[in-house]
């Protein structure tokens, strides 16, 4: 079968469109299909490999969800009686104790929706009022700084900048001690 556009090459791509009760068929060679995709945006959406990948990904996700549903089906909150099925259908929890009951499910769901389970957003700045002589550093700021230094250390080691890596290592150790001190301070308060 020859291409419907150039009438020279063998058609390797066959597109059927059904609108209402009308059926249209278009037979294209690879060259004409590529040209048509560049001209017509509706053809760009038709990427067979991508379609098959999306279908297989969706099937795998459904299988994983079925397995997760079976694993968590017996979970319920002892305070309000809210069960996993109710949580799954509504996406809501019944009471504050539900967060403990559904911890594993929430942790994986939050990790999938966001890029992890640790807050990495903005941290409130120092107020414009008179600052205390030594305000304890916020744990979130310390953790963020620690993560930043760790990434710099990894890059320095990969680039074989060992002197810089040693300095960064020392700063990381200082921050870890400071973070430990902040946690101890918070426990005493």
For the range 57-66, check the following and say yes or no: at least one residue is at pLDDT below 85 and farther than 22 Å from residue 110 by Cβ. yes
Cβ pairs under 8 Å, 6+ apart, first in the range 159-172 and in contact (Cβ under 8 Å) with a residue 24 or more places away in the chain, second surrounded by fewer than 15 Cβ atoms within 10 Å (Cβ to Cβ) and in a helix (DSSP H, G or I): 172/150
For residue 154, all conditions in the list (1) at pLDDT 80 or above; (2) under 28 Å from residue 106 (Cα atoms) hold save one; what is the number of the exception? (2)
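The values are calculated or read from the model by the stated rules, or taken from the named source; none is laboratory data. As the structure is a prediction and not an experimental result, all values here were calculated from the model. In this analysis, Cβ positions are derived from the backbone assuming ideal geometry, glycine residues included, and neighbour counts consider all displayed protein chains.
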